Amino acid sequence: MSNLSIPEIPTDQPLPGAPDNWRRFFSFSTDHKVIGIQYIVTSFFFFLVGGLLAMIMRGELITPEADLIDRNVYNAMFTMHGTIMLFLWTFPVLVGLANYLVPLMIGARDMAFPRLNAAAFWMVPVFGTILMASFFVPGGPSQSGWWAYPPVSLQNPTGNLINGQVLWLLAVALSGVSSIMGGVNFVTTIARMRAPGMTWFRMPIFVWTVFSAQIIQLFGLPALTAGAVMLLLDLTVGTSFFDPAKGGNPVLYQHFFWFYSHPAVYVIILPVFGIFSEIFPVYARKPLFGYPFVAVSSLVITGLSGLVWVHHMFASGTPGWMRMLFMFSTMLISVPTGVKVFAWVATIWGGKLRLNTPMLFAMGGLLMFVFAGITGIMLASVPFDIHVNNTYFVVGHFHYVVYGSVVMGIYAAFYHWFPKMTGKMYSEGLGKLHFYLTFIGVNLNFLPMHPLGLMGMPRRVASYDPEFAFWNVIASLGGFLLGISTLPFILNMIGSWVQGKPAGDNPWRALGLEWLVSSPPPLENFEEIPIVTSPAYGYGKTEALTSNLHSQELMLDDSK
Ligand code: HEM
Ligand SMILES: [Cu+2]
């Protein structure tokens with residue numbers, strides 16, 4: 001299938017992870033492993049930028065007065081924080097993990113379209129630079145939030161054609177194009193590049209979730225990109241799609257935005273669900289409970305995720321019948337999600353738990369997700385949402401998702417596959433320190449936001465009524481702790497990559513094709529394409545995973 005002509009090189013040459021090959025990561029490489037790490041490292045840089053903005057916001061919010069930064073600067077801060085954290089950290093880092101792992105997990109040598117893959121990656125630094133450039137144009141970055149709702153986003157105080165909002169829209173539209181290119185690549189790779197015998201119901205769950213997430217990208221992104229282009233035209237050439245002063249309809253833009261941006265939260269959480277499904281069996285030493293239900297629930301979530309977007313618009317003058325419909329569809333999505341949660345609990349239950357760092361982050365992430373899920377169901381109910389819409393209750397809810405579950409899930413993946421990517425073991429001590437600081441930081445930072453919202457504190461304000469001070473001080477201290485928590489992680493990753501102990505092919509005695517090859521994997525991934533003879537999941541099974549690769553020793557049950 002792939003038209004990539006890879007030169008014949010000895011496969012025992014550890015290439016992508018070895019420090020002495022760092023130049024590959026700055027090249028237009030078409031190797032999915034190099035591209036995966038390019039995505040991961042580039043997006044982590046933007047995570048730090050988004051995190052720095054969050055520290056400044058928490059610094060402002062530790063006192064009721066707007067005494068640290070100007071209000072306009074504060075508006076720009078939360079707009080850029082939200083935009084960077086989603087479009088330049090969360091989406092690309094998960095594409096990076098999927099890029100590195102999916103071809104290995106399905107027994108392929110590379111993605112279906114390697115050059116398209118590299119082109120999609122190199123668009124990230126381009127639209128990242130365009131967005132960052134908005135800090136340096138007259139008037140500064142957009143101040144209309146990560147939603148860019150008109151008519152606020154149609155204001156152009158500088159009168160310049162090139163302004164913060166135009167650069168924001170250009171960056172978001174380009175990120176959409178890059179993600180659509182990625183979607184085409186992943187869907188084709190998973191549908192067409194699986195090794196012989198790797199049938200759909202033998203695939204690792206991570207691959208199911210990536211497939212589902214990328215289907216959402218292909219269906220939803222055109223709406224967001226079209227909305228961004230129409231808003232750009234309103235701003236630059238004076239069309240009136242969304243401008244009420246010219247007969248346009250600003251609520252129409254909200255539909256274009258949320259038709260994608262709600263399913264987009266599943267583009268983020270589905271791969272994290274996949275990471276949980278890969279990690280729990282390995283560290284509980286038990287097969288994943290209910291594999292076929294967990295697999296299919298990803299597709300059910302994909303379908304339902306496109307039918308709930310109006311729950312973001314209950315306070316936008318939406319008619320009653322429509323609110324009821326979307327309240328119902330939103331609550332319905334908790335069923336397939338619940339199937340996954342109960343399957344993970346059943347997998348962990350009664351297992352021989354090994355609480356290594358990946359397992360701690362995965363279990364912590366699951367706990368945070370359950371909490372976020374409960375407040376999500378509360379927000380789906382119209383009467384409650386009308387009360388807390390646009391307050392800190394909403395900010396608390398989605399940070400339990402995006403940080404509590406997603407960032408912690410991503411950390412779990414980093415630690416679990418670090419030995420495979422680098423050939424080195426990380427420091428378990430630093431890993432555990434990172435986990436406890438993160439877990440405490442997440443709850444100290446985002447839990448207080450819920451009572452603040454119930455008390456009526458609106459979001460997107462730089463100053464507030466003194467009655468909200470107590471909880472804001474705790475939230476800010478938690479925020480700073482989260483900032484500090486990244487230090488042991490950075491130290492661990494760089495230190496271990498350079499001088500960690502050798503990891504070997506499969507330090508976790510995990511099950512899956514990626515653990516059958518060397519760490520880091522050879523350029524061509526496999527000496528010969530595996531012939532799969534049994535499901536690539538379900539730890540504890542005895543029959544061989546493949547008929548041609550030396551996989552028997554992986555199949556031994558621990559109890560023997
Ligand atoms: C160190 C961790 C973080 C802290 C302290 C933090 C803090 C905040 C605060 C205080 C706000 C509300 C601003 C306001 O309404 O005035 C906010 C908004 C937001 N945050 Fe975070 N955040 C963190 C991490 C993240 C992560 C990891 C993500 C996503 C992956 C994220 C996504 C967002 C989004 C989308 C908004 C909404 C921005 C808007 O209103 O337009 N945050 N954050
Ligand atoms: Cu939503």
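Of all residues in the stretch 281-332, those satisfying the criterion of being among the β-branched types (Val, Ile, Thr) and either away from ligand 2 (no atom under 15 Å from the Cβ) or in contact with a Lys or Arg (Cβ under 7 Å, 6 or more places away or on another chain) (or both) are VAL282, VAL294, VAL296, VAL300.
Each residue in the stretch 375-393 was checked for being assigned to a helix (DSSP H, G or I), under 24 Å from the mean Cα position of the chain (by Cα) and not small (Gly, Ala, Ser), and 6 pass.
When GLY478 is tested against (1) crowded, with 20+ Cβ neighbours inside 10 Å; (2) within 30 Å of HIS81 (Cβ to Cβ); (3) at pLDDT below 95, exactly one condition is not met: (3).
Against the criterion of being of a type in the set (S, T, N, Q), crowded, with 21+ Cβ neighbours inside 10 Å and more than 22 Å from PHE446 (Cα to Cα), ASN99 qualifies. The set of residues in the stretch 386-417 that are within 16 Å of ligand 2 (Cβ to nearest atom), open to solvent by 10 Å² or more (accessible area, probe 1.4 Å) and not β-branched (Val, Ile, Thr) comprises ASN389, ASN390, HIS397, PHE398, HIS399. Evaluating GLN254 against the criteria (1) open to solvent by 10 Å² or more (accessible area, probe 1.4 Å); (2) more than 16 Å from ligand 1 (Cβ to nearest atom) leaves one unmet condition, (2).
To keep it simple, each residue is scored yes or no on (1) part of a helix (DSSP H, G or I); (2) crowded, with 21+ Cβ neighbours inside 10 Å; (3) in contact (Cβ under 8 Å) with a residue 24 or more places away in the chain; (4) more than 16 Å from ligand 1 (Cβ to nearest atom).
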site: VAL267; (1), (2), (3), (4): yes, yes, yes, no
site: ILE279; (1), (2), (3), (4): yes, yes, yes, yes
site: VAL300; (1), (2), (3), (4): yes, no, yes, yes
site: ALA315; (1), (2), (3), (4): no, no, yes, no
site: SER329; (1), (2), (3), (4): yes, no, yes, yes
site: VAL341; (1), (2), (3), (4): yes, no, yes, yes
site: MET359; (1), (2), (3), (4): yes, yes, yes, yes
site: ALA362; (1), (2), (3), (4): yes, yes, yes, yes
site: GLY365; (1), (2), (3), (4): yes, yes, yes, no
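As for the stretch 477-496, it holds at least one residue that is within 16 Å of ligand 1 (Cβ to nearest atom), under 30 Å from THR63 (Cα atoms) and more than 23 Å from the chain's Cα centre (by Cα). Within the stretch 58-84, the residues that satisfy the criterion of being among the aliphatic types (A, V, I, L, M) and either open to solvent by 30 Å² or more (accessible area, probe 1.4 Å) or more than 10 Å from ligand 1 (Cβ to nearest atom) (or both) are ILE62, ALA66, LEU68, ILE69, VAL73, ALA76.
In summary, THR236 fulfils each of the numbered conditions (1) open to solvent by 30 Å² or more (accessible area, probe 1.4 Å); (2) more than 16 Å from ligand 1 (Cβ to nearest atom); (3) modelled with pLDDT of 95 or more with the single exception of condition (3). Being under 25 Å from MET85 (Cβ atoms), touching a Ser or Thr at 6+ places or on another chain (Cβ under 7 Å) and not in a helix (DSSP H, G or I) is a property that GLN143 has. Looking only at residues of the stretch 302-313 that are in contact with a helix residue (DSSP H, G or I) (Cβ under 7 Å, 6 or more places away or on another chain) and open to solvent by 10 Å² or more (accessible area, probe 1.4 Å), we find that the one that is nearest to ligand 1 (Cβ to nearest atom) is HIS312. Do we find that PHE439 is modelled with pLDDT of 95 or more and more than 30 Å from PRO502 (Cα to Cα) in this structure? Taking the combined requirement at face value, the residue does not satisfy it.
Could you look through the stretch 231-265, keep only residues that are assigned to a helix (DSSP H, G or I) and polar (S, T, N, Q), and pick out the one that is farthest from ARG509 (Cα to Cα)? So, considering only residues that are assigned to a helix (DSSP H, G or I) and polar (S, T, N, Q), the one farthest from ARG509 (Cα to Cα) is THR236. Got a number for residues in the stretch 160-172 being open to solvent by 50 Å² or more (accessible area, probe 1.4 Å) and either over 12 Å from VAL137 (Cα atoms) or in contact with a Cys (Cβ under 9 Å, 6 or more places away or on another chain) (or both)? Selection size over the stretch 160-172: 1. Restricting the first member to the stretch 448-470 and to residues that are open to solvent by less than 20 Å² (accessible area, probe 1.4 Å), and the second to residues that are charged (D, E, K, R), the beta-carbon pairs closer than 7 Å and six or more apart or on different chains are ALA462/GLU60; ALA462/ARG71. Return yes or no: is GLY429 over 21 Å from LEU477 (Cα atoms), without any contact (Cβ under 8 Å) to a residue 60 or more places away in the chain and touching a helix residue (DSSP H, G or I) at 6+ places or on another chain (Cβ under 7 Å)? Criteria not met by GLY429.
The values are calculated or read from the model by the stated rules, or taken from the named source; none is laboratory data. Small disclaimer: the values here were computed from a predicted structure and weren't measured. Positions of Cβ are generated from backbone atoms using ideal geometry, with glycine treated the same way; all protein chains shown enter the neighbour counts. Quick note on the areas: whole protein, heavy atoms, side chains included, nothing else; ligands and nucleic acids left out. Shrake-Rupley method; radii C 1.70, N 1.55, O 1.52, S 1.80 Å.
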